[in-house]
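Please treat every number below as a calculation from the coordinates, not as lab data. Here the structure is a predicted model, which means the values were calculated and not measured. In this analysis, Cβ positions are derived from the backbone assuming ideal geometry, glycine residues included, and neighbour counts consider all displayed protein chains.
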Amino acid sequence: MNRKLILKQRLKHTEKWIEGFLDIEKHREISKKALKNLNKDRPILGLVFFACSIVSDITNGKYNVLKWDKQERKYYPIEINLYEKGEIDD
């Protein structure tokens with residue numbers, strides 16, 4: 001295929017993906033439904049996610065959590081940045 005045509009197809013696909021990704025209302029409704037179900041099934045976990053969402057609003061999407069490693073039997077700090085754009089490995 002022509003290189004120009006491939007690049008145009010990739011750009012079109014990327015634009016569609018971004019439009020879907022940035023559909024905030026759709027994601028907000030999905031999150032609300034998921035949190036409602038999570039709160040019914042596992043209320044403690046739902047509370048943790050709720051607390052993280054409040055913190056992320058205050059800190060512009062940046063916060064730290066601890067991850068428990070069963071094998072090492074210790075916690076590891078994890079930095080979360082909801083708005084960071086990582087590199088995509090092809």
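So if we plug the beta-carbon distance of GLU29 and TYR83 into 1/(1 + (r/R0)^6) with R0 = 22 Å, what FRET efficiency do we get, rounded to 0.05?
Values: r = 20 Å, r/R0 = 0.93.
Working from the Cβ atoms, E equals 0.60.
Once R0 is set to 35 Å, what does the formula 1/(1 + (r/R0)^6) return for the Cβ-Cβ distance between LEU7 and CYS52, expressed as a FRET efficiency to the nearest 0.05?
About 0.35, to the nearest 0.05.
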